[in-house]
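To start, the structure itself, in structure tokens.
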2 protein chains.
Amino acid sequence: MSQMLQIHDQLREMILSLDLGPGERLSERWLESQFEGSRTPIRAALVRLESEELVRRDGRNWIVAPIDVGELEALAEFRIPLETTAVRLACARASEADIGGVEEMLDTCQSGAPREEWHRVGTDFHVEIARLSGNPFIVKAIAGAMTRLSRARWLEVWTEPSREQAWREHRRILGFIKANDPDSAAREATDHITDTRDRLLRSLKEDRRGLRMRGFAVIGLR
Amino acid sequence: MSQMLQIHDQLREMILSLDLGPGERLSERWLESQFEGSRTPIRAALVRLESEELVRRDGRNWIVAPIDVGELEALAEFRIPLETTAVRLACARASEADIGGVEEMLDTCQSGAPREEWHRVGTDFHVEIARLSGNPFIVKAIAGAMTRLSRARWLEVWTEPSREQAWREHRRILGFIKANDPDSAAREATDHITDTRDRLLRSLKEDRRGLRMRGFAVIGLR
DNA sequence: CGGGATTGTTTGGGATACCAATTTGGGATA
DNA sequence: TATCCCAAATTGGTATCCCAAACAATCCCG
């Protein structure tokens, strides 16, 4: 794989895992020393990450994109029509085997699993459901939305009741797809998205001080 | 503005206007001479265009993204839930002035207007409606979808009846938004999207030979 | 005359050099 | 001591350089 893609993936991981704080400045020279590559591939990776809106320009400088809490409502509003469409199409198109694959993924999350696992599966579930729709545009849009939610979701998986609630909701959605009941699946999906939004907003309000203390830029919290 | 953005915008325009044929190879050295800049900003522009899926890698080479007719169905399927949501939200949120602005835009397209004008307005209408929804994610998704449709749409605006049909449908959608009738607006939007899809597929089938003759890569036509 | 190895050319990936602009730190001065 | 100003360092933007891989044309041998 090209060096640029390696740097892109590593940097992406550092940003999404909050190793690099939201709002933190990224100097090309610092990245150069971090990744032991020259500025050429680093700049390519930054341009790429900019298009995913994980980094952003601040004047001439690069910064890690801040977490914009104001986006959470709009994001839910965006996800609802897409994910309801996705589950309906999944009912019509997904094979038993496809659904089984997603079930297995959910099963890997036992109570004792590490937070990272819950976080990953919670994101991937939605992308995999989108994939069952067979529509690549829906997949891409959902994947992008989940990426934008990803960093805020660390707060959700922090508490056990919260993540197990989400897990149960995922199960129910999948159950209705399996039972070929598109209306119920769509209703569950809608409820899940609004529930998640509310859980996240509550967590963020509670944890805002903690985030600020860690130097994270969190904007748009009303 | 930075040179990279200038190159990006120019190249984007050349691709969308079909000055550069779909599937055409882009060598960095050729672009270097075209834009009289060095490879550094050119490569940044290419990385950026790649994320918009207007250029693509073909092995180590860059090519203009082919027109994938197979995408047209998936694109319509993707747009319907988003645009119905957009018009519903527009009914709830758009001001008289906002709606008036879109009306004016439609009015600029008189019968004698050049094809470029019809093409531009036909794209912008959908983006502007999305903007009335107040949801930036919907705007971006619709804008992306319209970009992907853009090149195929040159065929639609080619014939007068076709573009006037689309224009009437746009009028009707906007009328229902103005009348604050979300259900009818959503129904019109759905019909318009499926109609457009069918018109495009028909035009492409008829014109396929012509496109091939111009050396355009058009793939996925069933 | 045909096929395959070989060599020369072109390409993109990466590194580095240079420049202009911005930031910064320190020292002189009021 | 506070403030202002200038020099030096740092930064991102661009140009250029080098290299390895891909491709093509050519030449040699059967």
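Things worth noting here:
- Averaged over the residues of A:132-145, the number of partner chain Cβ atoms lying within 10 Å of the residue Cβ comes to 4.
- Positive-pole candidate from A:Leu5, A:Ser17, A:Ala44, dipole of region A:3-65, charges at beta carbon: A:Ala44
- Prolate/oblate/rounded label for region A:69-213 (Cα gyration tensor, a/c 1.5): prolate
- Sparse-neighbourhood loop sites, GluC sites (Glu not before Pro) in region A:153-202 - DSSP loop, at most 14 other Cβ within 10 angstrom: none
- Residues of region B:73-100 buried by at least 10 Å² on assembly (accessible area, 1.4 Å probe, chain alone as reference): B:Ala74, B:Leu75, B:Glu77, B:Phe78, B:Pro81, B:Leu82, B:Thr85, B:Leu89, B:Arg93
- Gaussian network model of chain A, springs between alpha carbon atoms under 10 Å - residue of A:Thr108, A:Thr85, A:Thr147 with greatest fluctuation: A:Thr108
- Accessible area (Å², per residue) of region A:69-213, counting only protein heavy atoms and a probe of 1.4 Å: 44
- Amide H to amide H distances under 5 Å link A:Leu26 with A:Trp62, A:Ile63, A:Val64, where only residues 5 or more positions off or on other chains count and H is placed in the peptide plane.
- Accessible surface area normalised per residue over region A:3-65 is 51 Å², counting heavy atoms of protein chains with a 1.4 Å rolling probe.
- Cα gyration tensor category, rounded, prolate or oblate, for region B:3-65 with a/c compared to 1.5: rounded
- Interface size A-B, as summed buried accessible area [1.4 Å probe, Å², nearest 100]: 2000
- Region B:148-156 - phi-based ³J(HN,Hα) in whole Hz, Karplus 6.51/-1.76/1.60, Gly and Pro as x: 5, 7, 3, 5, 5, 5, 4, 5, 5
- The spacing between region B:146-180 and region B:56-112, judged by their C-alpha centroids, is 10 Å.
- Chain B: most fluctuating residue of B:Ala186, B:Ala44, B:Ala97 per GNM, C-alpha cutoff 10 Å: B:Ala97
- The antiparallel fraction among DSSP beta bridges confined to the protein assembly as shown stands at about 75%.
- Antiparallel content of DSSP bridges confined to chain A, in %, to 5: 75
- Note on B:43-50: average number of Cβ atoms from other chains within 10 Å of each residue's Cβ is 4.
- Listed values for region A:14-19 are Karplus-derived 3J(HN,Hα) couplings in whole Hz (6.51 cos²θ - 1.76 cosθ + 1.60, θ = phi - 60°), namely 4, 6, 5, 8, 6, 4, and x replaces Gly and Pro.
- Where only DSSP H runs of four or more residues are counted, chain A gives -24500 deg cm²/dmol as its mean residue ellipticity at 222 nm, each run worth -39500 (n - 2.57).
- Three-way shape call for the protein assembly as shown based on the alpha-carbon gyration tensor, with the a/c threshold at 1.5: oblate
The values are calculated or read from the model by the stated rules, or taken from the named source; none is laboratory data. What you are looking at is a predicted structure, and each value in this text was computed from that prediction instead of being measured. All Cβ positions, glycine included, derive from the backbone under ideal geometry; neighbour counts span all protein chains shown. With ligands, DNA and RNA removed, areas are computed over all heavy atoms of the protein, side chains included. Shrake-Rupley method; radii C 1.70, N 1.55, O 1.52, S 1.80 Å.
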